[in-house]
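Chemist: Below are the structure tokens for one structure; questions will follow.
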Amino acid sequence: MKNFVNFSSKNLRNKLGDTLVVNEPPVKAEELLEEIKPLFDDYFVGEISFDGESLFYLLPNGQKFKLKIEEKTA
């Protein structure tokens, strides 16, 4: 799993001073889901799976959820 750092905050500054961090590579939606999955594993009761595009969450009461992230463009 790739280490993900959120560079989306407009207030985030690099170590050189007030220059915004703008040269970071783009983050894919799938990579973001990979980073979210461990939170579900740690904080939610139920079965969590990841198929490379979506997270699937099955609650003990039988409810099923599909979480998908899409990048907002423009």
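Chemist: So for each of 36-48, 60-72 I average, over its residues, the number of other beta carbons within 10 Å; can you give me the resulting order with the highest mean first? The partial results should precede the final answer.
Modeler: Details: 36-48: 12.3, 60-72: 9.4.
Ranked by mean Cβ neighbours within 10 Å, highest first: 36-48, 60-72.
Chemist: Search the structure for amide H atoms under 5 Å from the amide H of Ile69, placed 1.01 Å from N in the peptide plane, and list their residues when 5 or more places away or on another chain.
Modeler: Result for Ile69 returns nothing.
Chemist: At Phe56 and Tyr43, where each label point lies 7 Å from the Cα along Cα→Cβ, what is the point-to-point distance in nanometres?
Modeler: Modelled inter-label distance: 2.4 nm.
Chemist: How big is Rg to Rh over the range 35-74, alpha-carbon atoms, Rh as the Kirkwood inverse-mean-distance radius?
Modeler: Numbers: Rg = 11.4 Å, Rh = 11.0 Å.
With Rh from the inverse mean 1/r over Cα pairs, Rg/Rh is 1.04.
Chemist: Also, quick follow-up: What list of ³J(HN,Hα) values in whole Hz, one per residue of the range 53-68 in order, does the Karplus curve 6.51 cos²θ - 1.76 cosθ + 1.60 (θ = phi - 60°) give from phi, with Gly and Pro shown as x?
Modeler: Each residue of the range 53-68 in turn: 10, 9, 9, 10, 10, 10, 7, x, 7, x, 5, 10, 10, 10, 10, 10 Hz.
Rule-based calculations on the coordinates, nothing more; no lab input. No experiment lies behind these values; they were computed from the predicted model shown. When we count neighbours, we look across all protein chains shown, and the Cβ atoms used for this are built from the backbone with ideal geometry, even at glycine.
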